[in-house]
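Worksheet: the structure to be examined is printed underneath.
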Amino acid sequence: MTRTPTWQISTVVDAARARIATARLAAAHGVPTLDRTRLTTALSARLRQCLTKGGTWRLTLDAPWPGPGDGLLTLTLTPDREASAAGEPPWRTSVACPEPAAAPVADEETPDDPAALAEALLGADEDTALALDRLAEQEDLVSFHREELDQTNQGVLALHAELDAAGHAEREAFAAEREARTEAERARHRLTFLADASAVLTTSLNHEEIVRRLPDLLVPRYADSVDVWLFDGTDGGRPSAPRPAAAVLAARTGQAQYAADHPGDLPGVADRPPSALDPGRPLLCVPLSTRRAPLGVLTLSPPGARWEPDDAVMLIELIRRASIAIENARRFEHNRDIAETLQRALLTELSAPPGLGLAARYLPATRGLNIGGDWYDAFRQPDGSLITVVGDVTGHGLHAAVMMSQLRTALRAYAVDGGSPGRLLTRLHVFLHHLQPDLFATAVIARFRPGDPTITWAAAGHPPPVLRLPDGRVRVLDAKPGAMLGIPLRQEIADHTVRVSPGSTLALYTDGLVERRAQGIDPGIERLAVALGGCGAGELDTDLEGAADRVLEPLLKDSERDDDVCLLLCHIAGAPSSSP
């Protein structure tokens, strides 16, 4: 059940009364102070607009009274007929009522006297004061939250500052790491280049080839141009060609010089004015020197404006290694020339008596000085016998060749007194032991006597002779040999005799021909026997030199040539064929 009070409003007093009545009704229905204040304030604003427009307005208030209701307090402001005709729509607003009024509130309860109006005005001020108190509480709450928000914002700002600082530090760390990685990669490239270039320089034992390789290695990566000045004039340039003053100073002082119009700031390098020969380009002049003597100067121009300090350090180290390689190559070439001269002097031409052919082959090892301790020889004794010998001094190089020469000379001297092959080897053993106690040798000697159908031979630690018979059969003369020459052992080396007939061929050789690391020596001796047996009798009689080459060919195919090779073929001429 609802009660519907109605007010006719045409004046300010009517409006004030309606407002006061509305406030009382809202209070009676338990409308909260804030909602009541909002309701009356909205009503006052609307009534002020209506009074401004003029005319009479009817305010209707629908409020629940004891009994069921919808729980809403509804205000309806309707214009009179004139205002309605002007198209003015009704105004309506509602507010929730927590509970219905206990008794009806009539508009007569709103007196017209001033005291009642004042009391009503004071009541409205109380509602306003309550609303302002609530507003102040809300403002305090807002202020509290604003202060908390400000503190939170300050914390957020501080956090952002810390994050920015951390991000900046992280970016700096990443930049430092990238720079370190880049520098490490550059250092790795330098070390790799230095190792590869050093390997290229040290693979050659020709100093002119090393000098030619230097520009190819450095240009264009680390130098725009390279000039090599060797003091012996073998650099390919003119001996009288003008050189930069910095190069001359580097040659005199042994210190690297940097000639440019700006400081180089290169470690271990002295700064000099730009070169008068080429003032527009910086020049780095590095001496080529070893402990023995200065070799020359290397002059480089940079690929760009200048060199990085680490690049200059790497270049100086490479040039130092190139100096060592050039010096080693020169020493090798010098020793090789001596060795070749000695070898040519020792390997003399063979002279054989009628009815006996000789063919010799000597191949030095492909490593080292191309000279070793292997030798062959053939000479006559006073009784007309022919001594043929093949020997092998342990080791390679110049020292082995010198000892081989001494053994060869001693053997010829002993042979003048006569003696069998075993006796000659025994004396040679004693000689070597006293001459060089730490040096050893092997040898095999075969003696041919004119008109004698036998060959006397003896061996000391040497591979056995191989004999080809006239019918093509091959024998390995593997009678027990003596021990190596020069070992600290007293020994008497025995002689051995084998019968031969015209057309027979005896092969004396060194172990370099038949020995292989993975197989030993026996398979090689068998291969030699097969190769010798494959030679025809007529071939051996007419072309012993060619036969020697054909015997060597299959045996050298798998040879690493890390040892000297010596072969001596002794062929007894066959019986002349009878005329038809």
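Values quoted throughout were computed directly from the atomic coordinates according to the rules given, and no laboratory measurement underlies them. Treat the numbers as computed from the prediction; the structure is a model and nothing was measured. Don't worry about glycine lacking a Cβ; one is built from the backbone with ideal geometry, like all the others, and counts go over all protein chains shown.
How charged is the neighbourhood of Gly254? Take every other residue with its Cβ under 14 Å from the Cβ of Gly254, and add Lys/Arg as +1 and Asp/Glu as -1. So the environment of Gly254 carries a net charge of +4. When each of Arg243, Arg331, Arg473 is scored by the number of other beta-carbon atoms lying within 10 Å, the sequence from fewest to most is Arg473, Arg331, Arg243.
Helix-only arithmetic for the chain: the sum of -39500 (n - 2.57) across DSSP H runs with n ≥ 4, divided by the residue total, places the mean residue ellipticity at 222 nm at -15500 deg cm²/dmol. A straight chain from Ala483 to Arg320 at 0.36 nm per residue would run longer than the Cα-Cα distance by 53.8 nm.
Multiplying the residue separation of Arg516 and Ala27 by 0.36 nm and removing their Cα-Cα distance gives an extension gain of 163.4 nm. The modelled label-to-label distance between Thr4 and Ala42, using points 7 Å beyond Cα along the C-beta direction, is 2.0 nm. Rounded to the nearest 0.05, what FRET efficiency do His334 and Glu172 give with R0 = 45 Å and r taken as the Cβ-Cβ distance? Could you check? With R0 = 45 Å, the Cβ-Cβ based efficiency is 0.15.
Modelled spin labels at Glu148 and Glu208, positioned 7 Å past Cα toward Cβ, are 9.6 nm from each other.
From least to most packed, judged by other beta carbons within 10 angstrom and beginning with the fewest, Asp558, Asp511, Asp438 follow the order Asp438, Asp558, Asp511. Using a cutoff of 8 angstrom between alpha carbon atoms and counting only pairs six or more residues apart, the relative contact order for the stretch 463-580 works out to 33 percent. On full extension, the segment bounded by Asp383 and Thr341 gains 11.8 nm, given 0.36 nm per residue less the C-alpha separation. Using R0 = 60 Å, the C-beta based FRET efficiency linking Asp133 and Glu179 works out to 0.35.
Only Cα pairs under 8 Å and 6+ residues apart enter the sum, and on that basis the relative contact order of the stretch 214-326 stands at 28 percent. Of the residues Pro382, Thr505, Ala446, the one whose Cα sits farthest toward the positive end of the charge dipole of the stretch 347-572, with +1 on the Cβ of Lys and Arg and -1 on the Cβ of Asp and Glu, is Pro382.
With contacts taken as Cα pairs under 8 Å at a separation of at least 6 residues, the stretch 412-471 carries a relative contact order of 31 percent.
Taken along the Cα-to-beta-carbon direction at a fixed 7 Å, the label points for Arg92 and Gln436 span 13.5 nm. For the stretch 347-572, the square roots of the Cα gyration tensor eigenvalues, ordered a ≥ b ≥ c, give a/c of at least 1.5 with a/b no greater than b/c, which places it in the oblate category. Report the calculated FRET efficiency for Leu163 and Thr394 (r = Cβ-Cβ distance, R0 = 60 Å), to the nearest 0.05. Step by step, r from the Cβ atoms, then E = 0.15. Values [x] 132, 36, 21; [y] 50, 29, 19; [z] 40, 26, 22 are given for comparison; semi-axes √(5λ) of the Cα gyration tensor in Å, derived from the coordinates here, is the one labelled [x]. Projecting the Cα atoms of Ala45, Leu201, Thr6 onto the charge dipole of the chain (Cβ charges, centred on the Cα centre) puts Leu201 farthest toward the positive pole.
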